[in-house]
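Engineer: Structure provided below as structure tokens; questions to follow.
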Amino acid sequence: MDIPYFHVDAFTDQVFKGNPAGVCLLEGWPADSTLQAIAAENRHSETAFLSRDGADWRLRWFTPSMEVDLCGHATLAAAAVLFAQELIPTDRVQFQTMSGPLAVERSENDLYVLDFPARPAQSVEIPAGLVEGLGQAPLAVYKSRDLLTIFNSEEEVRSLKPDFVRLATLDCLAVIATAPGEEVDFVSRCFAPAAGIDEDPVTGSAHCTLIPYWAHRLERKKLHARQISARGGELLCEMAGERVLIGGRATLYLSGTIHL
């Protein structure tokens, strides 16, 4: 079996920045164990697998250790590949996923806008082990799929030195740290060691929780965000009812073929 394969840097217009994602174009679906083995071999935080599903495309995401229910940067990467390969006749593509239908629109300046479900978080007590895992106590903690931890400043978030072994024991997929930005509306970092990702460079799905929080706090629907990992990434965000719009760019780094 030969599988067309693409490596795309998402949420950036430069190679070696943003979040790398693998994208595999399938004619049919191999066994899940094969998909997981490919993702483990790729070693990206996520590899996207997609195949035609009628007028839409079926999309699944795997980390090196597990399948996940939602992934932003690999969805952006998948859309960018389909548009670049001229497999989409319009500037909008719809994916069928574990999180329901997800659309991506391409604008004239190659900005890709993801239409994702909002995942507002609820206030919770600080879980045991979280402070030790982050190395610093947050001002507040909220929970959706992920734990959202609030800090005073961008510098506090930037200086965190997490204990990934401790964070992996918490009851969540990921731990998000966020604070007001110095040059943007808010910044964040995202740690998901339980999913095989110590620190994710740029995390679209985390912004399904970040956007509702910051839109409410800042009383604005449109927001500019930056994920301040080592690679870094820019996201243009908007609260849209029960949905969030997440805009970003993508850069193709590599294309080739996986031989199985």
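Engineer: Name the single residue, out of those in segment 113-127 being in contact (Cβ under 8 Å) with a residue 40 or more places away in the chain and not in a strand (DSSP E or B), that is farthest from the chain's Cα centre (by Cα).
Structural biologist: Here the answer is P127.
Engineer: Where residues in segment 45-59 are within 22 Å of H259 (Cα to Cα) and surrounded by fewer than 24 Cβ atoms within 10 Å (Cβ to Cβ), which of them is modelled with the lowest pLDDT?
Structural biologist: Only one residue fits best here, namely R52.
Engineer: Can you tell me which residues in segment 167-181 are part of a loop (DSSP other than H, G, I, E, B) and out of contact with any Ser or Thr (no Cβ under 8 Å at 6 or more places or on another chain)?
Structural biologist: Selection gives A168, T169, L170, D171, C172, L173, G181.
Engineer: Right, another one. On the given criteria, is A168 within 20 Å of G18 (Cβ to Cβ), touching a residue at least 24 places away in the same chain (Cβ under 8 Å) and touching a helix residue (DSSP H, G or I) at 6+ places or on another chain (Cβ under 9 Å)?
Structural biologist: Spelling it out, it is not the case that A168 is within 20 Å of G18 (Cβ to Cβ), touching a residue at least 24 places away in the same chain (Cβ under 8 Å) and touching a helix residue (DSSP H, G or I) at 6+ places or on another chain (Cβ under 9 Å).
Engineer: Taking S188, is it surrounded by fewer than 16 Cβ atoms within 10 Å (Cβ to Cβ) and in a strand (DSSP E or B)?
Structural biologist: Answer is no for this residue.
Engineer: Something else about it: Which of the residues that make up segment 14-44 are over 21 Å from the mean Cα position of the chain (by Cα) and of a type in the set (V, I, T)?
Structural biologist: T34
Engineer: Here's a follow-up. Of all the residues that make up segment 38-69, how many are part of a loop (DSSP other than H, G, I, E, B) and touching a helix residue (DSSP H, G or I) at 6+ places or on another chain (Cβ under 7 Å)?
Structural biologist: Here the count works out to 4.
The values are calculated or read from the model by the stated rules, or taken from the named source; none is laboratory data. Treat the numbers as computed from the prediction; the structure is a model and nothing was measured. So basically every Cβ, Gly included, is an ideal-geometry build from the backbone, and we count neighbours across all protein chains shown.
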